[in-house]
Structure formats: structure tokens, C-alpha cells
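All remarks here apply to the structure that follows.
The values are calculated or read from the model by the stated rules, or taken from the named source; none is laboratory data. Just so you know, these numbers come straight off a predicted model, no measurement behind them. A quick note on method: Cβ atoms are made from the backbone with ideal geometry, for glycine too, and the neighbour counts reach across all protein chains shown. To get the accessible areas, we keep the full protein, side chains included, count just its heavy atoms, and leave off ligands, DNA and RNA. Shrake-Rupley method; radii C 1.70, N 1.55, O 1.52, S 1.80 Å.
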Amino acid sequence: MQKKLSEILSSFEHESVAADGKTSVPETDIGDIVINSLAFDSRDVTQGSLFFALPGTHINGTAFIPAAIANGADAVVFEGEIDHGLQTEIAKAVTKRAITAELDSAVCGTLPAFFRVPDTRFSMAPLSDAFYDSPSKKLAVIGVTGTEGKSSTVAFIWQLLRLAGKKAGFISTVQYSLGGPALANPQHQTTPEAPIVQHHLHAMLENGCEYAVVEASSHGLSRKLNRLGTVLFDCGIFMNVTLEHLEFHKTFEQYRSDKANLFRALDMHDHIKLIGGRPVRIPSAGVVNLEDPSAVYFMGCTKKPVYGFTTEGQAGKAAAETGENAKPLPPVPDGIRFMTARNIASARFGISFTIDTDGTAAIFRPDDDPALPREHSIIHIQAPLPGAFNAYNIMAAMIGVSSISGISFEKLAALTPELTPVKGRMTVIDKGQPFEVIVDYAHTPSSFETIFPPLRKRCTGRIFALFGSGGERDLKKRPLQGEIAARFCDVVVLADEDPRGEDPLTLLKMIAAGAIRNGKKEGTDLFIIPDRKQAIRETFRMARQDDIVLLLGKSHENSIIYKDFVMPYDEIAEAERALTEMGYPVAGE
């Protein structure tokens, strides 16, 4: 991909300045500069890149402008003032590049252009969209948001589309696809930065895709970060919203509002997309989990029709609440069409249930009379996906696919036996050991309340939960994690997740405080072992016949982040290695 600066400058608010970062300069001499890539890390810059100098938590990205110029950046986007010392370093980098070009004809002699903007990170979205020719204008796009269930739902939507013969790609926490097989996501972000999002959408188009599925995190949907600000969504799916990421959003209300930007986005364009070279009006709708109290809030954020889904409290957190602890489910809003899952049976390797559907598909036609009853079908669902909570994910995926493609629920139900679980989402590790080992990404109080109850119900031995909490993140959830784990699990083992700049032991003791309040005693049924590899081995040594060991929070991630270094790490591989060290599988089995 190549673009002249003159082709993309109108896409974002900016001022053209000299290398000192403050003297205004005319744009007449820079319009012909050719940009062939976008980068927000100076180490990724190559000849012809446009470099975004992002403000950081610890270091301002402007400090890396000299390195970006040395690596070949032909344009720099930055915010704020550049101090005198940095001006000198930038001037040296520009001068050195000019001299090198004079001596070596193979080196480009173009001097970099500088653009000062109000907010560098915000500017990345419109500029990236323009650079990649607005790919979401040529794709039917489904977005999925929620505190839990996003990655699995995105994966199931993508799989159902492909199984139905549609060409599709997706972007999620765990994996992504540009139209081919799913690949591991190397990023440590649920929703990548805007240049990556737009690059991936463009690559999907280049590979013949007509559909894109995007995992839309609260950070990605935030107007402040603007990662998804220029993506034209056609279908928005809301899974749930609970306490999370308050270190960024500050309040629950802001967190929920940022997520609801997905539904607001549905009203911001006409949904006429250029699919396969011809204009097509894409059906637009919202999809909501009716068991979440915020479903009505999300419905109110769009004028598009909304289709709901519910298990009537038979899966997830609601299923564990009984007696005095039971909370009534929110009433189903009047007039909404919805799907109901019943007869849910979840076992170690799969799930089955029936769905009662309102209509044969999730299509809303202009001439539909909401007062007239529609055909209801009772359809059996079976999938090789462990965990009762997958009833939510499967229903959301089916409704999303049906709403945007018109495929009937019955046809989609016939495809669910071919769904495959997402790596690190209730992944069972079986090396012949007498106890069960499950790896999952659960790392929030609400996700704990979702996965623990059904496991507690079927476990005939003890449950061990090994987990930690992310450093430099919401502090309030830590004791809640410990409290909930202590309520449902027999033994709690606390180990590093991503301490980042915090002291690992201090962080884990904050979680332990909640477990102690709920009756756990350190050294008896509560253990603090920061070294995660050692913690796994100690936990496996304690486990016996019919016990379940849960390794939570790391899942698909490929590292543990500490203050001064990043340690490569693979939870599934580490668990398998530990079992091998214990002699599993046993010879002759």
C-alpha cells in the first residue's frame, strides 16, 4: 500500500511544522512524499513509514522521533511541545540522513514532514482509515463487546460464516484471520491500535472477504483512544458488562458508555457497502444478552432493531444464585424479539441445549408488524464446547450471523457440532493424570462467578484455582477475586499474572485478603507462590484423583510482564511440561 501525503492529509486535524516542532511551514512541498507504511513503534519504522509518536505511561513517544527518522520515517505525527534537547537530537538525525543520501544514492534523500496534532492517538484512526482506503466501507462488519465472552463469540461467528460458505476474517484477543486460517495474535491488546485494525481489514478485502468480525473492547471503543472510531459497524453484539478496567474508565458508568459506542456506531452511516464491487445495503441490528441489567441501556443507544437472547438464568452467574442470594433477572423489555436456551447440559467436552426462536431468522423487514406473532421454532443445539456459559456465546453468534446474512437459525444450528473451542478458553489438558486440568482466561470477579458454579456442581473431588491479577490495573477487583475463589474452590493458589510495575508479593496479598475473609488460611488451603511455573508444579503435586485444577488468567497470552523485563510464557505448554515431569502419560498407557 502506498499513498502520497496529499491523499491523506485532509483526513485528520493537523498543523505542518518544521523539525523544531513549532515553526509552521506550507504543505506545498510535502504533498508528493510517498508513504508506504504506518508505525507507532520506532523499531517497526522502515524507509517510507509515517511514524506516530504516541504519548506513553512512562515515556513520551516524541523521544523516539530521532530513532524513527534514522530508520527511514518520511513523516512524523506528534502532539505537544518538543523540548530544546530533543529538537537538537531530531535536527542531528535529519542532517545525518541528508548527508548519507548525498553520499549514497540508494538512500532516500526526502526530508521528513512533521505534523503536530491535538491528540496523536486519536489521529491514528482517521489517518489509518484513509491510508487503507476505508476498508470497512467494503465489508459487512460485526462487532462484539462485553466484559466476558467476546473472544469466543467472535470466533464462533467467524466459524459459522465460513461453515456456511461465506468468506470472512476476524480480529480478537486470542487469534485473527485475514481470510485464511486463524493465526495467533501476537498483540497484548484485545482491540489493536487503529493502524493494525485498518491493515487487517484491508488485508481481508485483498483476500476476497465479504465479512469481518471485530472484538470491540472498551478501550477500542473509547472516544479517547479512538481505535475503532472509523470502523463502520453493521451489527453490534452486547454480551455483558461488569466491574473492570476502572483504572482507565474511572467509573462503571463511563466503562459502560464506552462499550455502548458500538451500538451508537450503528446509527452513524447508511450501511450501503461496496461488496464485491457492487453497492449492497447490509441489514443492521443490535444483539443483547437480556440477562444483563444493562441490556436496556444498550438498546437505548441505537435506533436499529435489536434481537435478544437469554438462558432464563440457567447458565453462568445466575445459575449459582439460590435462596437469599438469588437475584431476579431483569424483565424482558416489551416488544423485543428474542431467543431462549433451555435444557442446558454441559459436560467436560461439550454442551447441548434447545433454543426457542422468535422467527426463523434474525432478519428485520421494513414491512414487519411487531404486533403479529412470528413463527417459533424449537431447535436442538449440540457443540463440542465445554462450559454452560457457551450457551450465551453460541446464541449470540447465531443471531449475529443470521441478522447480517439472512441465514436461518435451523441452518446455523446444523453447523454448531463443527464449532471448535478457542485456545485457552476452558481448554482441557489431558496427559493421563488422575486429576482434571483446565486452562481459561477468567480473570475478573464476574468471570469467576460464571465458571466456578458449574464446575463445583460436577466436581466429585476438590477444586484448585491458580490465578493472579494484572498490575497497574483496577485495585478493587483483587480482594473480590480472592473472596469468590475461596467461596467456590477448596484450595486457592496465587501466582504472578502480569505484575508490571508493582511488587508481585504485595499484589498477591491484596487478593489473599479476600480469600482470608472467606475462611481460607495461608499455608493450609491458601498458598502464595509468585513464580507461576513453580506454582503450577506445587498445585499439581497437591492434586489427587477426581480433583479439578484451574489455571486462570494467562490462557493464550505469550508472556508475563514484570517491571524490568518480559518473560516469554505459554500456560498450556508449561502445564503439559509439568505433567511430563511428573511422569504423565504413564508408560504403557
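Just a few scattered comments:
- Scanning segment 342-398 for residues being aromatic (F, W, Y), open to solvent by less than 60 Å² (accessible area, probe 1.4 Å) and either in a loop (DSSP other than H, G, I, E, B) or more than 17 Å from Q159 (Cβ to Cβ) (or both) gives a total of 2.
- Residue ID - farthest from the chain's Cα centre (by Cα), chosen from residues in segment 22-78 that are among the charged types (D, E, K, R) and more than 22 Å from P126 (Cα to Cα): D29
- One residue stands out among those in segment 81-97 that are open to solvent by 40 Å² or more (accessible area, probe 1.4 Å) and small (G, A, S): the one that is nearest to L127 (Cα to Cα), which is A91.
- Residues of segment 150-167 classified as touching a Lys or Arg at 6+ places or on another chain (Cβ under 6 Å) and either basic (K, R) or under 22 Å from L232 (Cβ atoms) (or both), total: 0
- P135 being under 19 Å from the mean Cα position of the chain (by Cα) and at pLDDT 95 or above: no
- Going through (1) open to solvent by 10 Å² or more (accessible area, probe 1.4 Å); (2) outside any strand (DSSP E or B); (3) of a type outside the set (V, I, T) one by one, Y176 falls short only on (2).
- Qualifying positions in segment 432-480 - under 27 Å from V241 (Cβ atoms), modelled with pLDDT of 90 or more and of a type in the set (D, E): D440
- Tally of residues being out of contact with any helix residue (DSSP H, G or I) (no Cβ under 8 Å at 6 or more places or on another chain) and over 17 Å from R425 (Cα atoms) across segment 528-558: 12
- Among the residues here, T23 qualifies as more than 22 Å from D129 (Cα to Cα) and touching a strand residue (DSSP E or B) at 6+ places or on another chain (Cβ under 7 Å).
Here's the yes/no breakdown for (1) open to solvent by less than 10 Å² (accessible area, probe 1.4 Å); (2) polar (S, T, N, Q); (3) assigned to a strand (DSSP E or B); (4) more than 29 Å from T427 (Cα to Cα):
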position: E148; (1), (2), (3), (4): no, no, no, no
position: P192; (1), (2), (3), (4): yes, no, no, no
position: H200; (1), (2), (3), (4): no, no, no, no
position: V213; (1), (2), (3), (4): yes, no, yes, no
position: V231; (1), (2), (3), (4): yes, no, no, yes
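- N240 vs. criteria open to solvent by 10 Å² or more (accessible area, probe 1.4 Å) and either at positive phi or in contact with a strand residue (DSSP E or B) (Cβ under 6 Å, 6 or more places away or on another chain) (or both): yes
- Number of residues in segment 489-506 that are more than 27 Å from the chain's Cα centre (by Cα) and either more than 21 Å from A543 (Cβ to Cβ) or modelled with pLDDT under 95 (or both) equals 2.
- Whenever a residue of segment 110-125 is farther than 13 Å from T62 by Cβ, its partners that are of a type in the set (G, A, S) and outside any strand (DSSP E or B), lying with C-beta atoms within less than 7 angstrom and at least six residues away or across chains, give the pairs L111/A98; P112/A73; M124/A194; A125/A194; A125/G229.
- The one condition in (1) free of Cβ contacts under 8 Å to residues at least 40 places away in the same chain; (2) within 15 Å of A113 (Cβ to Cβ) that I59 fails to fulfil: (2)
Let's see how each residue does on (1) under 30 Å from R227 (Cα atoms); (2) at pLDDT 95 or above:
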residue	(1), (2)
A91	no, no
K96	no, no
L111	yes, no
R116	yes, yes
T120	yes, yes
P126	yes, yes
F131	yes, yes
G143	yes, yes
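- Residue match in segment 520-527 (condition: under 24 Å from T427 (Cβ atoms) and more than 27 Å from the chain's Cα centre (by Cα)): yes
- Looking only at segment 215-229, and only at residues there that are of a type in the set (D, E, K, R) and part of a loop (DSSP other than H, G, I, E, B), the one that is most open to solvent (accessible area, probe 1.4 Å): K224
- S37 vs. criteria without any contact (Cβ under 8 Å) to a residue 12 or more places away in the chain and touching a Ser or Thr at 6+ places or on another chain (Cβ under 8 Å): no
- Filtered by the rule that a residue be in a loop (DSSP other than H, G, I, E, B) and either at pLDDT 90 or above or open to solvent by less than 20 Å² (accessible area, probe 1.4 Å) (or both), segment 411-431 gives A414, L415, L419, T420, V422, G424, M426, D430, K431.
- Here is the figure for segment 433-475: residues that are touching a Lys or Arg at 6+ places or on another chain (Cβ under 8 Å), within 14 Å of F389 (Cα to Cα) and in a loop (DSSP other than H, G, I, E, B) total 1.
- First in segment 208-225 and without any contact (Cβ under 8 Å) to a residue 40 or more places away in the chain, second anywhere and of a type in the set (S, T, N, Q) and open to solvent by 10 Å² or more (accessible area, probe 1.4 Å), Cβ under 6 Å, 6 or more apart: none
- For T251: the one exception among (1) farther than 17 Å from Y297 by Cβ; (2) modelled with pLDDT under 95; (3) surrounded by fewer than 23 Cβ atoms within 10 Å (Cβ to Cβ): (1)
- Boolean, V141 is in contact (Cβ under 8 Å) with a residue 24 or more places away in the chain, crowded, with 21+ Cβ neighbours inside 10 Å and within 16 Å of S447 (Cβ to Cβ): no
- Residues being surrounded by 20 or more Cβ atoms within 10 Å (Cβ to Cβ) and within 21 Å of H202 (Cβ to Cβ) - total across segment 38-72: 7
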